[in-house]
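Notes follow the structure.
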Amino acid sequence: MCHILCASMTESEMKPETTRFAPSPTGRLHLGHAYSALFAERLARKSGGRFLLRIEDIDTGRSRPEHEAAICEDLAWLGLSWEQPVWRQSARLPHYRAALDRLDAAGLLYPCFCTRKMIRAEIAAIGQAPHLSVSGPDGPIYPGTCRELGKEARASRIAAGDPFALRLNMARAISQAMSMAGEISWRDRREGPQAMRADIFGDIVIARKDVPVSYHLAVTIDDAAQGVSLVTRGADLLPASHIHRLLQALLDLPVPDWHHHPILRDQDGNRLAKRLSSVSLADLREGGKSPGWVRETVAELAADAAPI
Ligand code: GLU
């Protein structure tokens, strides 16, 4: 089956692609995951490239080895195979640390001691002046409270052992990246050329209080380190790619192409119905469904523009 995907490809896009499926082992896989994994694998195979599985287990509080084993079992049952060894993000913390050190040395990070409750209160206070309260793709933008802390206040809070996250000073990061690279853009194979707009997120957390790195930094570093040439994932993550593109510019990383596929919708055009989205691949398998049934079902549900 070729469909729109092949028809819309230029010759240069038929070069061997390295794609990856990068689940977090925090639960069982569902139909939406099956679609995403099949989609990535198909683009790699069709181009004669490589398909990788990466386990994104930096959130040690929520990740479980048994979920990782179940993910591999489900993907193998679907008929997928991937390159070995499989990378685990929990084994790559020194690489993320090195990138954080580099961003810090460039003066782009600051410690943030705020709790969620404090941020909510601060935003509520700003809410009285609505022009100052802005929302980004992940919700209200951090109001910048700790960005304004003086050197001494910072040092004494760190010395006192107050837990802190690290935030990226977004305005400074963008101006530094643009002074090095000029206008920064990227390309989504479905949505077309994109001008980098990481500013819409405000000062993002780049290392959490409880986890020494954020999703954004880990995924950007690993995609580059693994030579991923085409990042595929659901359209809900398209805005995040603005941040990843900015980090690539700041850290001199190669720039891949992206293909954000639509989120599976049911026949009525709604996000996949609870009935289907809450059923795991393991439940389907135990209920007698075959891998062929899963492939056909996701192909049918994805029929709008990104067939597999
Ligand atoms: N670990 C992320 C998730 O499960 C992967 C997102 C991505 O493909 O970049 O949502």
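The values are calculated or read from the model by the stated rules, or taken from the named source; none is laboratory data. Nothing here was measured: the structure is a model prediction, and the numbers come from that model. Positions of Cβ are generated from backbone atoms using ideal geometry, with glycine treated the same way; all protein chains shown enter the neighbour counts. The protein model used for the area step is the full one, side chains on, heavy atoms only, and it has no ligands, DNA or RNA in it. Shrake-Rupley method; radii C 1.70, N 1.55, O 1.52, S 1.80 Å.
Observations
- Cα gyration tensor of the chain - equivalent ellipsoid semi-axes, whole Å, descending: 36, 22, 20
- To put it simply, the accessible area of the chain at a 1.4 Å probe is 54 percent carbon and sulfur.
- In order along region 134-140, phi translates into HN-Hα couplings of 10, 10, x, x, 9, x, x Hz, rounded to whole numbers, per the Karplus curve 6.51 cos²θ - 1.76 cosθ + 1.60 with θ = phi - 60° and x for Gly and Pro.
- Fraction of beta bridges assigned by DSSP in the chain that are antiparallel (%, nearest 5): 55 percent
- Karplus-derived 3J(HN,Hα) values for region 170-187, using 6.51 cos²θ - 1.76 cosθ + 1.60 with θ = phi - 60°, are 4, 4, 5, 4, 5, 5, 5, 4, 6, 6, 7, 10, x, 4, 10, 9, 8, 10 Hz; glycine and proline are entered as x.
- In this structure, the amide hydrogen of T232, modeled 1.01 Å from its nitrogen in the peptide plane, lies closer than 5 angstrom to those of R20, H259, counting only residues at least 5 positions away or on a different chain.
- Between the amide H of C112 and those of A165, L166, R167, distances stay under 5 Å, these residues lying 5 or more places away or on another chain, with hydrogens modeled in the peptide plane.
- Listed residues A125, P212, A171: farthest to the positive end of the dipole of region 103-243 (Cβ charges): A125
- For V134, the residues 5 or more places off, or on other chains, whose built amide H falls under 5 Å of its own are I141.
- The phi torsions of region 50-64, fed into the Karplus equation with coefficients 6.51, -1.76 and 1.60 and a -60° offset, translate into couplings of 10, 10, 10, 10, 10, 8, 9, 10, 6, 7, 5, x, 10, 7, 9 Hz, rounded to whole numbers, with Gly and Pro shown as x.
- Summed over all non-identical Cα pairs, the Kirkwood treatment of region 146-274 gives a radius of 16.6 Å.
- Sequence-distant contacts, meaning Cα pairs under 8 Å at least 6 residues apart, place the relative contact order of the chain at 24 percent.
- Between helix 93-105 and the chain there is an angle of about 40 degrees, using the helix long axis and the longest principal axis of the Cα atoms.
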